Each structure stands twice: as structure tokens, then as C-alpha cells.
């Protein structure tokens with residue numbers, strides 16, 4: 001049987017995408033992350049997740065695209081306010097490949113069609129999600145993530161309530177931010193994958209807005225929140241923070257940020273709260289009717305999250321190491337499960353199981369080996385496959401190394417490659433099976449009902465009449481009835497901008513806030 005036809009252009013582009021990931025992954029790992037925990041075998045479960053990604057992502061992404069294209073998923077995620085930490089997809093997948101190359105299990109010429117397809121899916125999703133800034137990743141934008149359109153930013157800006165350090169709203173918001181971050185850290189097995197930031201967005205000459213997403217709060221995706229997060233009425237929450245007196249000068253592809261000076265509580269002078277998921281018409285306001293209502297909402301949510309945190313501690317305290325390893329690996333591996341939820345084809349067995357091919361390596365991943373090998377793979381860049389000829393100067397280090405291996409171009413001549421890791425295989429898990437309860441903006445649903453609604457639902461902003469009305473179109477058509485319609489879709493839930501249309505600019509909204 002002859003091999004499928006490959007082109008030089010395909011390999012050139014795929015290797016370019018690999019290199020972009022190589023440069024940024026090293027920088028992120030070396031400068032932004034500490035992989036330590038007193039409870040979880042973090043290094044070991046990270047490596048375990050990489051293997052699961054290598055064996056499972058290609059088949060699952062192809063399954064997803066039978067229902068919806070990567071580009072449309074990007075549009076849905078951006079417009080519905082669903083944050084997918086999509087940088088992790090190629091990062092984890094490619095590092096799984098690098099592990100297996102170093103162990104001698106595969107060669108750089110194995111799984112080539114899988115690799116080309118997976119990187120292409122990621123590219124198309126990223127370009128769609130970043131449509132408003134024209135970049136593939138945050139690094140290309142000078143480490144900024146300005147993904148939202150003007151019409152949504154206007155609503156966030158206009159509806160944010162003013163607050164000052166020490167007043168009731170400010171105290172309530174800060175308590176919520178701290179409690180939700182601690183809870184999310186535990187939910188994600190002492191990682192940061194349930195917390196994400198994007199922005200900054202300039203709202204006035206002296207103010208910027210940072211948008212912070214808290215994901216996986218209730219009973220929805222992971223089995224260890226069954227019964228734990230049942231009293232939290234939202235699975236995703238988004239906090240909009242207006243900042244004064246500090247500048248967000250870096251926001252990387254993992255959603256971490258730095259500011260000058262370092263952001264402190266007193267820099268937050270405005271705040272809002274929203275929820276969103278695959279069944280919502282964008283961001284829906286939560287407790288945004290008045291300052292008093294929002295203050296009470298933050299306090300109530302903080303109390304619920306603290307109770308859930310205590311329950312989760314008790315749940316995790318009884319886990320075996322294998323259960324810890326599974327939970328951490330599944331948290332990392334399933335970071336892109338929202339792709340399947342948006343497309344309406346999510347199945348628990350696809351995303352909450354360790355592939356039998358990855359399972360073979362479990363005995364190897366003790367704590368000592370996990371710590372040492374992960375350090376070599378993403379920190380020191382010192383494994384045999386990462387060594388280059390002596391004239392090489394790697395970005396950031398000048399060392400003769402490369403983080404990730406290319407596809408060899410010689411396969412175009414000799415045909416010596418394998419196309420795929422094959423179809424999805426069965427999986428195993430030491431964790432309890434997920435209950436059939438999924439918290440959504442339309443209530444708690446069974447998975448079958450949730451997926452049916454996801455398949456049937458098309459947000460108005462993503463329907464043909466509006467999907468391609470981009471920021472450049474708005475610039476030249478802002479005073480047309482169609483532009484008014486576009487903006488009014490975003491304004492329908494706004495406390496201050498309902499039916500205002502497209503005529504307002506940022507300074508007009510800031511002036512309105514000043515009068516209020």
C-alpha cells in the first residue's frame with residue numbers, strides 16, 4: 001500500500017509551527033513556571049499527560065472536525081467567551097513526541113500525517129480566536145492577548161462598577177478572587193490551568209482592563225468535582241478588572257501576566273462579573289444590577305467556594321498516588337476538551353481516560369525520574385534528541401540545542417515514515433466514573449442533553465448574518481443600521497448600553513461612567 005502524498009510546503013509549514021512552539025515553550029517553562037507540589041506528583045503527571053496527548057489528540061481532533069471546523073470553533077470560543085488554553089495543545093502534544101523519540105519508541109519520521117494535521121488544526125483555531133489582532137500567539141503581539149471585539153469591550157467597560165480599596169465591593173471582589181484562585185489551583189491538581197487572563201485593554205489614558213477567567217468551578221467536566229462543586233451555580237466565571245496606576249506589560253500564552261509596578265489590590269478601581277459557556281449568547285452578567293447586588297454575589301460565591309475547597313481537600317486526601325497521577329494527567333490532557341463541547345461531540349471516555357498506550361509507561365514515572373526528566377526536557381533542553389550541531393545558537397540560551405524535533409525532509413525522497421499512531425484505543429482510570437451531571441447556563445443537564453443542545457445551538461453573533469463582520473468592517477460601517485444590530489446583540493444584557501448601537505466610542509463611554 002502506497003503512502004499518502006506529502007508536499008514540501010506541508011513539511012515547511014509544520015516545522016515552522018513546531019519551531020514557534022519550541023521557542024515559546026522554552027521561554028514559558030524557564031521564566032514563568034515552577035513545577036512543585038507537596039501533595040501531587042506534578043512532574044510525573046505532566047509527563048503522563050504528554051504521552052496521552054500524543055496518542056489521543058489526532059484521532060479526537062479529527063472526530064471533532066466531523067462536526068465543526070477548527071475555524072468555527074475559534075469563532076464560537078471568542079464570541080461565546082469560552083477560554084480554551086489552546087497554547088497547551090501543541091506544547092503538550094509535541095513534548096509527548098519528544099519524550100518518545102528520546103526513549104527510542106518512535107522516530108521523528110513517525111506519526112507524520114497526525115503531526116501535520118494536529119498542528120494545522122491548532123493554527124486554524126488560533127488564527128480564528130486571535131482574529132481581532134491578526135496573530136497566531138501572544139508572543140507575536142509582544143505578549144498581549146487582545147482577543148475581544150470592540151462591542152464586547154464597550155459593555156465590559158461601561159458596566160464595571162467603580163470601587164476603591166477598603167469599600168465593601170472592593171473587599172468582596174478581592175475575597176472572591178483569592179478564594180477562586182485557591183480553589184482553582186486545587187481543582188487543577190496544583191496547577192494553574194483553571195485560571196486565565198487576557199488583555200490588557202486600554203479603557204482611558206490612565207486605565208487598563210484585565211479580563212480574568214475562572215474555569216471548571218462546578219460539576220461539569222472532571223469527576224472529582226461531583227458532589228464537591230454542586231452548590232456553585234456557575235461552571236465558568238469571568239471577572240473584569242479596571243486597573244489604575246499600573247501597566248500590564250506582559251501577558252503570555254499561558255495567561256500569566258506581569259505589570260509595572262506589580263499589581264496590588266489597590267490598583268483595581270472597577271469590577272464586573274459574568275458567566276459564559278457553550279450554550280450562552282456571549283458573556284451573561286452575574287449580580288450586575290447594582291453595587292449592592294454585586295457585592296452580595298461576590299460574598300455568596302466566596303462562601304460557596306470555600307465550602308467546596310474544604311470538601312475537595314477531604315476528597316483528595318484519600319487518593320492513592322495512581323489517582324493523583326491520573327487526575328493531574330487528565331487535567332493537563334483535557335485542557336482542550338471544550339473543543340468537543342462546542343462541537344457537541346464530547347464523550348467522557350474520550351477525555352477522562354488514560355490511553356492504554358500511555359498506560360504502559362506508568363511504572364517509569366516515579367517522582368525522582370519525573371522531576372529529573374521533565375527538567376531536562378523543558379528546562380535544561382539537554383536530552384539527546386534536542387542536541388544540535390555546534391554552530392547552533394538556540395533562541396534565549398545561545399546553546400547548541402533545539403527544544404522540539406522537526407520532521408525530516410528526507411521522507412519526501414525515500415518515503416521512510418509512518419503516517420499515524422492509529423485510531424483511538426480504550427482507556428483506563430483509577431478515578432471514580434464521572435456522574436452524568438453537567439452544570440451549564442441552561443441548568444444541570446445530562447451529557448446527552450448537553451451535547452444535543454450544543455449541536456443545535458448557534459449563537460446569534462456566529463450566525464451567517466454577523467459571523468464575518470470583523471473590526472475592519474465596523475471601522476468603515478459604524479454608522480450603518482447593520483453595525484447597530486451587531487452592537488445591540490452585545491448590548492442586550494448591558495445595564496448601561498442596552499440598544500445604544502454602534503455610535504459610541506471609548507471616550508464617550510468613559511465620560512458616561514464619569515457622570516455616573
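Coordinate-derived values only; no laboratory data. Being a predicted model, the structure only gives us computed values, none of them experimental. Virtual Cβ from ideal backbone geometry, glycine too; neighbours counted across all protein chains shown.
In this calculation the C-beta distance from residue 508 to residue 192 is compared with R0 = 41 Å, giving a FRET efficiency of 0.65. Normalised size of segment 14-84, defined as Cα radius of gyration per 2.2 N^0.38 Å with N residues, equals 1.43. Pair-distance distribution P(r) for segment 315-442, from all Cα-Cα distances in 5 Å bins starting at 0: 2, 7, 12, 14, 15, 15, 14, 11, 6, 3, 1, 0 percent.
How big is segment 395-477 by the Kirkwood estimate over distinct Cα pairs, in Å? Roughly 20.1 Å, rounded to one decimal. Computed from label points 7 Å out along Cα-Cβ, the spacing between residue 410 and residue 314 is 6.1 nm.
PRE reach from residue 7 (point 7 Å along Cα→Cβ): which of segment 118-160 fall under 15 Å by backbone N? The answer is 120, whose backbone nitrogens lie closer than 15 Å to the label point.
Remark: segment 239-322 projects, on average over all directions, an area of 9.0 nm² (convex hull of Cα atoms). Per residue, the chain reaches -14000 deg cm²/dmol at 222 nm when only DSSP H runs of four or more residues are counted, each adding -39500 (n - 2.57). Relative intensity of segment 271-357 on a log10 scale, I(q)/I(0) at q = 0.13, 0.14 Å⁻¹, equals -0.71, -0.80, per a Debye sum over C-alpha point scatterers of equal strength in the absence of solvent. Percent of Cα pairs in the chain per distance bin of 10 Å, from zero to the largest separation: 4, 18, 29, 27, 15, 6, 1, 0. Applying Stokes-Einstein at 4 °C and 1.567 mPa s to the Kirkwood radius of segment 431-501, computed over alpha-carbon pairs, gives a translational diffusion coefficient of 87 µm² s⁻¹.
Across the chain, the mean sequence separation of Cα contacts (distance under 8 Å, 6 or more residues apart), normalised by length, yields a relative contact order of 24 percent. Distance between the 7 Å Cα→Cβ label points at residue 132 and residue 71: 2.0 nm.
Subtracting the Cα-Cα distance of residue 391 and residue 141 from their residue separation scaled by 0.36 nm leaves 87.0 nm. Summarised in one figure, the compactness ratio Rg/Rh of segment 83-235, Cα atoms and Kirkwood Rh, is 1.05. Taken over segment 142-201, the percentage of Cα pairs per 10 Å bin, counting from 0 up to the bin with the maximum distance, is 18, 31, 42, 8. Placing R0 at 22 angstrom, the Cβ-Cβ distance between residue 16 and residue 418 gives a FRET efficiency of 0.50 after rounding to 0.05. Using only the C-alpha atoms, the convex hull of segment 73-167 corresponds to 154 Å³ per residue. Sorted from greatest to least, the principal axis extents spanned by the alpha carbons of segment 1-138 come out as 45, 43, 27 Å.
Sorted ascending by nearby beta carbons within 10 Å, beginning with the fewest, 107, 38 become 38, 107.
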